[in-house]
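So the structure is just underneath, and the comments pick up after that.
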Amino acid sequence: TDGGVFAVQGSANQVAAIDSGIAVEDHGDHGDISIAAPALIEATLTGEKPAHFVEHGGKVALFHDGSGKIDLFSAHDWIHHSTVSTTQLDSGTAHHGVAVPWGDYTLVSAANADDEKKPRTGLNVLDKAGNQVGETHACVDLHGEATSGNLVIIGCGDGVLIVSGSGEPNIEKIGYDG
């Protein structure tokens, strides 16, 4: 991502950044490449059991399984300015979850806090302040996400959620054919 590599170290409760040393300056009709020695960046992120690291639209969402907290930040700033400034949101409960940046919103897995296994049951949309927008989108056994341009697909045990649009996300569920 953006000339850097990120090392998510769940058991050490931290994420480190490495400047790859490779940069491309875009001139429209061509790009100039420069190569320098890779370097470990001193600034790190810490939190309880960081897991999913998802980049979308120039932003990164890092989900901490041990707390259910989400750190939002710019990978560019971390790599190129050696600083990491985060906004933190809360999914509501610790679980093996995921968050995806979506412009001014964040897509976040929802889990059943009353079940000790904390199964993922759906997807919430949070605004900038971390407030839920609309209802939870049902997604039993939510696991896995993929992005391409302005499209996100979330895997569910009974189908997929397709997230599209600009601004507030449009979320549609498509079930698997039996």
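In segment 8-75, what percent of the accessible surface is made up of carbon and sulfur (1.4 Å probe, ligands and nucleic acids excluded)?
Within segment 8-75, the accessible surface is 52 percent carbon and sulfur.
Please build a GNM for the chain, connecting alpha carbons under 10 Å apart, and tell me which residue among Val152, Val60, Val133 fluctuates the most.
Among Val152, Val60, Val133, the largest mean-square fluctuation in the Gaussian network model of the chain belongs to Val133.
Per the Kirkwood treatment, what hydrodynamic radius in Å, one decimal, follows for the chain from the mean inverse distance over all distinct Cα pairs?
About 17.2 Å for the chain.
If you rank Lys173, Lys117 by how much accessible surface each has, with a 1.4 Å probe, what is the order from largest down?
Heavy-atom accessible area, descending, gives Lys117, Lys173.
Mind ranking Thr147, Thr46 by accessible surface for me, highest first, 1.4 Å probe?
The most accessible residue leads, giving Thr46, Thr147.
Given 10 °C and 1.306 mPa s, compute D for segment 1-85 with the Stokes-Einstein relation, Rh being the Kirkwood radius over Cα pairs; round to the nearest whole µm²/s.
Stokes-Einstein gives a translational diffusion coefficient of 117 µm²/s.
Find how much the distance from Asp104 to Asn170 grows on full extension, using 0.36 nm per residue of separation minus their present alpha carbon separation; answer in nm with one decimal.
Between Asp104 and Asn170, full extension yields an extra 22.4 nm.
Determine the calculated [θ] at 222 nm for the chain from helices alone, applying -39500 (n - 2.57) to every DSSP H run no shorter than 4 residues and normalising by the residue count; nearest 500 deg cm²/dmol.
-1000 deg cm²/dmol
Taking the simple approach of a point 7 Å from Cα along Cα-to-Cβ for both His81 and Ile35, what is their distance in nm?
A separation of 3.0 nm, rounded to one decimal place.
Counting alpha carbon pairs within less than 8 Å and at least 6 residues apart, what relative contact order, in whole percent, applies to the chain?
Taking the mean separation of contacting Cα pairs over the length of the chain, I get 12 percent.
Pick out which of Ser164, Ser74, Ser34 has the largest mean-square fluctuation in a Gaussian network model of the chain, springs linking Cα atoms closer than 10 Å.
Between Ser164, Ser74, Ser34, it is Ser34 that shows the largest mean-square fluctuation.
Which residue fluctuates most in the GNM of the chain (Cα springs below 10 Å): Gly134, Gly66, Gly103?
Per the Cα network of the chain with a 10 Å cutoff, Gly134 tops the list.
Once the Cα gyration tensor of segment 130-178 is found, what semi-axes does its equivalent ellipsoid get, as square roots of 5 times the eigenvalues, in whole Å, sorted largest first?
18, 14, 10
Below 8 Å between Cα atoms, with a sequence gap of 6+, how large is the relative contact order for segment 116-178 in percent?
Computed value for segment 116-178: 21 percent relative contact order.
Could you tell me, in Å, what Rg and Dmax come out for the Cα atoms of segment 77-139?
Here Rg and the maximum Cα pair distance are 13.6, 42 Å.
How much of Ile33 can a 1.4 Å solvent probe reach, expressed as accessible area in Å² and rounded to 10?
110 Å²
The values are calculated or read from the model by the stated rules, or taken from the named source; none is laboratory data. What you see is a predicted model, and the numbers here were worked out from it, not measured in a lab. A quick note on method: Cβ atoms are made from the backbone with ideal geometry, for glycine too, and the neighbour counts reach across all protein chains shown. SASA here: full protein model, heavy atoms, side chains in, ligands and nucleic acids out. Shrake-Rupley method; radii C 1.70, N 1.55, O 1.52, S 1.80 Å.
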